[in-house]
Amino acid sequence: MPNAPRTIATADRRCPPMVGRTAERALLNEQLASMRAGHGNVVIIGGEAGIGKTTIARYLVDQAKSAGYLTIVGHCYDLMAASPYGLWLDLASDYAHLNDPDLPPLPEMLTREHLDEITSQAALHSDVTTFLHAVARIRPVVVVLEDVHWADPASLELLRHVS
């Protein structure tokens, strides 16, 4: 079909073509260039349900992968089912599937299914921050956290610390 919409594969998901969003795409591309120069940043994509936040995030992942960045994605799910650090466990699962021996191992605390054995939130925060720095020293990394508005309080606190 010559007129069928083109989709871009990103990980296990399909990203529909993006129409418009010129300013948003330019901002994301600027952030990727800034990262390449060694300057990390946090970008928050906000808006009402159905506005296209996930499409913009998938665009970022596609652009980052095309530029040789490592991308890892964590998802939040409805707060009723959110377990402590669920966002970060999901991110750890995505990272573990990379199976790249050149990358540092996950912090031991994030290799567990349940984090009920954590005795020090400060130690976890430090371990995750150290881990992300170690990954970034090897390769630029883009961390995408989806639907953070559903994150549990512990995940949000870790996000604040890492940011």
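The values are calculated or read from the model by the stated rules, or taken from the named source; none is laboratory data. Here the structure is a predicted model, which means the values were calculated and not measured. Cβ atoms come from the backbone with ideal geometry, glycine included; neighbour counts cover every protein chain shown. The area values use the complete protein model at the heavy-atom level, side chains included, leaving out ligands, DNA and RNA. Shrake-Rupley method; radii C 1.70, N 1.55, O 1.52, S 1.80 Å.
Carbon and sulfur together cover what percent of the accessible area of region 76-163 at a 1.4 Å probe radius?
Values: 2820 of 5130 Å².
So the carbon and sulfur contribution to the accessible surface is 55 percent.
Which whole-Hz couplings ³J(HN,Hα) result when phi for each residue of region 97-112 is put into the Karplus expression 6.51 cos²θ - 1.76 cosθ + 1.60, θ = phi - 60°, listed in order with x for Gly and Pro?
6, 5, 6, 9, x, 7, 8, x, x, 4, x, 3, 5, 8, 8, 8
Return the loop-located chymotrypsin sites (Phe, Trp or Tyr not before Pro) in region 74-163 (DSSP other than H, G, I, E, B) with at most 15 other Cβ atoms within 10 Å of their own Cβ; answer none if there are none.
Numbers: sites: 77, 85, 88, 95, 131, 150; in loops: 77, 85.
Passing sites in region 74-163 are 77.
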